[in-house]
Amino acid sequence: MNRELLSKAFGDIDESFIAQAYRPVPEDASGSSGRSIHMKKKRILTLALAAILLLSLGVAAYAKGWMAPIFHSARYAFPEPEERKPELEEYYAEAEEKNAAFEAAEQYMNERGPAPESVPLPELGDCEVTVLERYYNGNMLALGVHLETDIPDFAVVYEPVEDIRERATFLEFVDLQDSDDDLDALLAAGRLPRELYDRLLAERTDYAKKYGLHRQSSITLDGMLKNALPPEEYEAAWRLLLETGQLCVVRNNLYVSDHILMEDGTDLGETNNFPFSFDPSIPPGSLFIEAFDLPEAAWGLDSLNFQLIVRHVQTFYYMEGLDGPVRSYSERVGEALVPFCVENAEG
Amino acid sequence: MRLEDSKIIGLFFERSEQALEELNRKYGPAIRKTTANILNDRLDVEECINDTYLKVWNSIPPQRPNPLVSYVCKIAHNLAVNRYHANKAEKRSGNYALILDEMEDCIPSGTNVETEAEAKELAAAINRFLSTLSSEDRFLFVRRYWYADSVTDLAVMTNGSPNRISVRLFRIRERLRKTLVKEGLLS
């Protein structure tokens, strides 16, 4: 095995592990300078002014009865010709090439009509994955996928949580370069401006104010629960905390992996995928996936058999007492390989 | 005090240049350290950081990463590793070369992992292995082999001695090697 592949294998560590191991770096050790920020900004803004942005064209597309609103929305929008930057021609060319493929995909879907295919996944809590739109031309694969689940984003854990308590070791929701997220201590140490301290305390929920939550992590978790849970469940969570002195909450993350496999397990290579949470015309949970650089094994087939990987990751947040911080840990609790097939649109 | 991730992402969605300021303020030092741990050359590091911000700017929206920190660090890490391997031999020495040596300790060159897809299979096995580790051991492993921290840095982070960290990493590598043999990835 060469060293490049070796570092790729080690580099492909789950993002949840990377996030858990993240530790803020003191600025004085970074060598960061205002000048370098300016340089970065200048370069990025130059591009940004003319950037090809994915726009939510889907609103109009859906209203007009397009058969493939996800493919339609995935197209790149361009600035007006007079606003284009000459130095970005290569960038425009690549996006135009992709747009041509997306347009062909959309046209293909419009001619054939919608043919959604759903697969229930009882092993992942009765979720269902649906391929709404699919297109393969021998060189690239584009998919519109929808994931439907009844699993709540957040749920209070009422069973005994001793095991979770043992495993939850990472301080959660803490932005500061401190392991202590007590706002009073941070204020006293001069790490938190008075104005911000006052605002953080003032913006707490009524419960957090009443029971004096004063840690960044516990205030954040309480705010998340207030937004995510139905009012009666939120109140029940507080009752649990007050009666037992501990609160454990699980956050469910169910998602389609950015790796797509062929029947024999060959990875289809780098994919781009993005959710359509910004487009109100497309159901929440829909995802566009493109694989533009297929491996040779996937070139020019009459039909491409592929497998989507659906994963379920749970993050447990544990809080002990009204004075305690929130600690967490994550684990993958389920994974399913879901086979689908797409015909070659080029015949 | 740094802005919350969701607010920074909101700024990206508004296409506000303030997004870059806030991202830099909050995660700039981590991005710099991640790239500097891998690359020896200061100019390489600067370019890699620029490329990271550019890639983040171009991908949010439509992406709305959560958590933001692993998203930006992963971009920086991948860019730095790609640049490391693209560099000529004289620029490829240093800290990361030592780390690669350690990786080869548990995955010797005689394995059958020869393609990117097989490397991904190996990555999946490493992820499974990581999920079996204690949080402390996982922290050490990810910091050493993903963030490419030096043993001395790890000792400071964990209030331990460099020698103890080295021994612990050695034991984790041994366990990984045995796991990979058990899974049939190594002979």
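The values are calculated or read from the model by the stated rules, or taken from the named source; none is laboratory data. All values derive from a computational prediction rather than experimental measurement. All Cβ positions, even for glycine, are placed from backbone atoms using ideal geometry, and neighbour counts span all protein chains on display.
Quick notes on this one:
- In the range B:2-15, the residues that are facing another protein chain (nearest Cβ under 10 Å), surrounded by fewer than 17 Cβ atoms within 10 Å (Cβ to Cβ) and either assigned to a loop (DSSP other than H, G, I, E, B) or in contact (Cβ under 8 Å) with a residue 60 or more places away in the chain (or both): B:2, B:4, B:15
- Every pair of residues 6+ apart whose Cβ atoms lie under 6 Å, when the first sits in the range A:256-279 and is within 19 Å of residue A:129 (Cβ to Cβ) while the second is of a type outside the set (A, V, I, L, M, F, W, C) and at pLDDT below 75: A:258/A:273; A:274/B:62
- Residue match in the range B:41-54 (condition: of a type in the set (Asp, Glu) and in contact with a Phe, Trp or Tyr (Cβ under 9 Å, 6 or more places away or on another chain)): yes
- Here residue B:32 meets each of (1) in a helix (DSSP H, G or I); (2) surrounded by fewer than 21 Cβ atoms within 10 Å (Cβ to Cβ) with one exception, condition (2).
- Criterion violated by residue A:238 - all others in (1) over 18 Å from residue A:315 (Cβ atoms); (2) loosely packed, with under 14 Cβ neighbours inside 10 Å; (3) out of contact with any Asp or Glu (no Cβ under 7 Å at 6 or more places or on another chain) satisfied: (2)
- Of the residues B:78, B:40, B:82, the single one that is within 10 Å of chain A (Cβ to nearest Cβ) and modelled with pLDDT under 90 is B:82.
- Taking first residues from the range A:334-347 that are in contact (Cβ under 8 Å) with a residue 40 or more places away in the chain and partners that are surrounded by fewer than 13 Cβ atoms within 10 Å (Cβ to Cβ) and part of a loop (DSSP other than H, G, I, E, B), the Cβ contacts under 6 Å between residues at least 6 apart in sequence or on separate chains come to A:344/A:302.
- Filter result for the condition that a residue is under 23 Å from residue A:21 (Cα atoms), out of contact with any Cys (no Cβ under 9 Å at 6 or more places or on another chain) and surrounded by fewer than 16 Cβ atoms within 10 Å (Cβ to Cβ), over A:198, A:163: A:163
- Selection count where residues are within 7 Å of another protein chain (Cβ to nearest Cβ), in a helix (DSSP H, G or I) and either touching a Cys at 6+ places or on another chain (Cβ under 9 Å) or free of Cβ contacts under 8 Å to residues at least 12 places away in the same chain (or both), scope the range B:140-158: 0
- Here residue A:194 passes the criteria (1) modelled with pLDDT under 85; (2) in contact with a His (Cβ under 8 Å, 6 or more places away or on another chain); (3) charged (D, E, K, R) except the one numbered (2).
- Restricting attention to the range B:133-187, the residues that are among the charged types (D, E, K, R) and closer than 21 Å to residue A:7 by Cβ total 11.
- Verdict on residue A:172 being surrounded by 13 or more Cβ atoms within 10 Å (Cβ to Cβ), among the charged types (D, E, K, R) and closer than 17 Å to residue A:252 by Cβ: yes
- Residue in the range B:49-70 that is more than 7 Å from chain A (Cβ to nearest Cβ) and closer than 17 Å to residue B:94 by Cβ present: no
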